[in-house]
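Data block below; observations after.
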Amino acid sequence: MVDQKNARTYLNYVNGEWRSASTGEVEKSINPANIEEVVGYVQKSGIEDLNRAVAAARSAQKTWRKLSGATRGNYLYKTADILEKRLDEIAETMTREMGKTLPEAKGETTRGVAILRYYAGEGMRKTGDVIPSSEANAFMFTKRFPLGVVGVITPWNFPVAIPIWKIAPALIYGNTVVFKPAPETAVTAAKVVECFAEAGLPAGVVNLVMGDGTVGQGIAEHP
């Protein structure tokens, strides 16, 4: 029998709310070093959950993109501070869930904090250039614009650094995110998203949809 004591069920995060998958199904995240231990139960989502998350992200992006870079950066700074405070807890979860040694897990989580702070600073850096023109009365310039909703699909081997490495730049430039982690490290992913939620990001800006390749393929093919 697999030890199910104290095994928490982790939910999707969609439009600012923690919610169960529409399928009503969950799966176990097992400690690979001790297969008798359930690290947690994670959602087995379907396309309906993905579509709900995309709709939330699309709606939120209309307001998120209008915020100043400095304001968006402040949210990332807050997230970095929260992640740093929870560093030991999240690193220990990573070790239990995917088998990385604890010192490496702490190092990776520290790297996640640094990535958040780096991209928070991007909010105060330039977003375009003025280009010289051969015409005396012409003013030529470039300006970056957000793409919209960004789908983030991440592997199991760096479950903190890689998601943050993709989510932070997407957010600072005015995009919103639908994040699908590897099922093997979905508990760690949920704890990372908890940091974004605690930092007070507006509803729909970051969405977490757990699941298997059905959700990943749905993101890759989503219009």
Q | Filter result for Glu48 (surrounded by fewer than 22 Cβ atoms within 10 Å (Cβ to Cβ), in contact (Cβ under 8 Å) with a residue 12 or more places away in the chain and either over 25 Å from Val150 (Cβ atoms) or touching a helix residue (DSSP H, G or I) at 6+ places or on another chain (Cβ under 7 Å) (or both)) | A | no
**Q.** Single condition Arg86 does not satisfy, out of (1) buried (at least 23 other Cβ atoms within 10 Å of the Cβ); (2) of a type outside the set (A, V, I, L, M); (3) under 23 Å from Gly40 (Cα atoms)
**A.** (1)
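Residue-wise test of (1) more than 11 Å from the chain's Cα centre (by Cα); (2) under 30 Å from Val26 (Cα atoms); (3) surrounded by fewer than 19 Cβ atoms within 10 Å (Cβ to Cβ).
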{"position": "Glu108", "(1), (2), (3)": "yes, yes, no"}
{"position": "Tyr118", "(1), (2), (3)": "yes, no, yes"}
{"position": "Ile131", "(1), (2), (3)": "yes, no, yes"}
{"position": "Ala136", "(1), (2), (3)": "yes, no, yes"}
{"position": "Leu147", "(1), (2), (3)": "yes, no, yes"}
{"position": "Pro159", "(1), (2), (3)": "no, yes, no"}
{"position": "Phe196", "(1), (2), (3)": "no, yes, no"}
{"position": "Ala199", "(1), (2), (3)": "yes, yes, no"}
**Q.** strands (runs of 3 or more DSSP E) enclosed by segment 1-82 - at least 1 residues per element that are within 21 Å of Phe196 (Cα to Cα), at pLDDT 95 or above and out of contact with any Gly (no Cβ under 7 Å at 6 or more places or on another chain)
**A.** 12-14, 17-19, 34-43
Q: Return the total of residues in segment 52-70 being buried (at least 19 other Cβ atoms within 10 Å of the Cβ) and either within 16 Å of the chain's Cα centre (by Cα) or in contact (Cβ under 8 Å) with a residue 60 or more places away in the chain (or both).
A: 7
(Q) Of all residues being hydroxyl-bearing (Ser, Thr, Tyr) and free of Cβ contacts under 8 Å to residues at least 24 places away in the same chain in segment 119-151, which is farthest from Ala57 (Cα to Cα)? Just the residue, please. (A) Ser134
Q: Please verify whether segment 181-195 includes one or more residues that are touching a helix residue (DSSP H, G or I) at 6+ places or on another chain (Cβ under 6 Å), without any contact (Cβ under 8 Å) to a residue 60 or more places away in the chain and not β-branched (Val, Ile, Thr).
A: yes
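How many of the residues in segment 83-140 are assigned to a loop (DSSP other than H, G, I, E, B) and hydroxyl-bearing (Ser, Thr, Tyr)? Quick ask: steps written out before the conclusion?
Of all residues in segment 83-140, those assigned to a loop (DSSP other than H, G, I, E, B) come to 86, 99-101, 123-127, 132-139.
If we keep only those that are hydroxyl-bearing (Ser, Thr, Tyr) too, we end up with 101, 127, 133-134.
Qualifying residue count, segment 83-140: 4.
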Q) Are there any pairs, at least 6 apart or on different chains, whose C-beta atoms fall under 6 Å, with the first in segment 1-30 and closer than 24 Å to Ala57 by Cα and the second loosely packed, with under 13 Cβ neighbours inside 10 Å and modelled with pLDDT under 95, and if so, which? A) none
Q: State whether the residues of segment 159-170 include one that is modelled with pLDDT of 95 or more and assigned to a loop (DSSP other than H, G, I, E, B).
A: yes
(Q) Looking at segment 216-223, can you tell me whether even one residue there is under 26 Å from Lys62 (Cβ atoms) and surrounded by 24 or more Cβ atoms within 10 Å (Cβ to Cβ)? (A) no
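The values are calculated or read from the model by the stated rules, or taken from the named source; none is laboratory data. Note that the structure is a prediction, hence the values are computed from the model and not measured. When we count neighbours, we look across all protein chains shown, and the Cβ atoms used for this are built from the backbone with ideal geometry, even at glycine.
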